[in-house]
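What follows is a set of notes on a single structure, which appears directly below.
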Amino acid sequence: MHYKDLIVWQKAMDLTTEIYRLTKKLPKEELYGLTNQMRRAAVSIPSNIAEGNARFSTKDYLRFLSMSRGSKAELETQLLLCIRLNYLVQEDIDSALSLLNEIERMLNSMITKLREKEKSTRD
């Protein structure tokens, strides 16, 4: 299956769009701080899904999905930090957090299935 057909990739693209919208609300002095970091983490999620999908080995795919999951945790932390710093309010980030949770569940499911597939080919 091509990465563009993966629902998790599509949702990660939606999330990235949402993060770009949200980061426009951050103070200008955060442009090279949180804004840039949040955008990079968001872009990293669908990018790693796509790159892993394009690889020829299950092991590589698993590694890139794991990196996507790490970027998901990084982005979630940064969103919560924006609340603590009073840059955003909870209502601002609810949609992004919901997408992050959905993406995490999908990534976990993909990782589990790929690990099972990898194990069965070794046995």
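Filter segment 5-29 down to the residues that are touching a residue at least 40 places away in the same chain (Cβ under 8 Å), touching a helix residue (DSSP H, G or I) at 6+ places or on another chain (Cβ under 8 Å) and not aliphatic (A, V, I, L, M) and list them by number.
Residues satisfying the conditions are 9, 11, 14, 18, 25.
Could you list all residues from segment 1-40 that are open to solvent by less than 60 Å² (accessible area, probe 1.4 Å), assigned to a loop (DSSP other than H, G, I, E, B) and over 21 Å from residue 101 (Cβ atoms)?
Across segment 1-40, the qualifying residues are 26, 27.
Residue 104 fails exactly one of the following numbered conditions: (1) in a loop (DSSP other than H, G, I, E, B); (2) modelled with pLDDT of 95 or more; (3) open to solvent by 50 Å² or more (accessible area, probe 1.4 Å). What is the number of that condition?
(1)
Residue under question is residue 74, and the condition is that it be assigned to a helix (DSSP H, G or I), touching a residue at least 12 places away in the same chain (Cβ under 8 Å) and open to solvent by 20 Å² or more (accessible area, probe 1.4 Å); does it hold?
Against the criterion (assigned to a helix (DSSP H, G or I), touching a residue at least 12 places away in the same chain (Cβ under 8 Å) and open to solvent by 20 Å² or more (accessible area, probe 1.4 Å)), residue 74 qualifies.
From the set of residues in segment 48-63 that are within 14 Å of residue 112 (Cα to Cα) and free of Cβ contacts under 8 Å to residues at least 60 places away in the same chain, which is surrounded by the most Cβ atoms within 10 Å (Cβ to Cβ)?
Once the filter is applied, the top-ranked residue is 61.
With respect to residue 95, is the statement that it is closer than 19 Å to residue 7 by Cα, part of a helix (DSSP H, G or I) and within 12 Å of the chain's Cα centre (by Cα) true?
For residue 95, the condition - closer than 19 Å to residue 7 by Cα, part of a helix (DSSP H, G or I) and within 12 Å of the chain's Cα centre (by Cα) - is not met.
The values are calculated or read from the model by the stated rules, or taken from the named source; none is laboratory data. It should be emphasised that the depicted structure is a prediction, and the values quoted were computed from it without experimental measurement. Heads up, the Cβs are rebuilt from the backbone with ideal geometry, glycines too, and the neighbour counts pull from every protein chain shown. The protein model used for the area step is the full one, side chains on, heavy atoms only, and it has no ligands, DNA or RNA in it. Shrake-Rupley method; radii C 1.70, N 1.55, O 1.52, S 1.80 Å.
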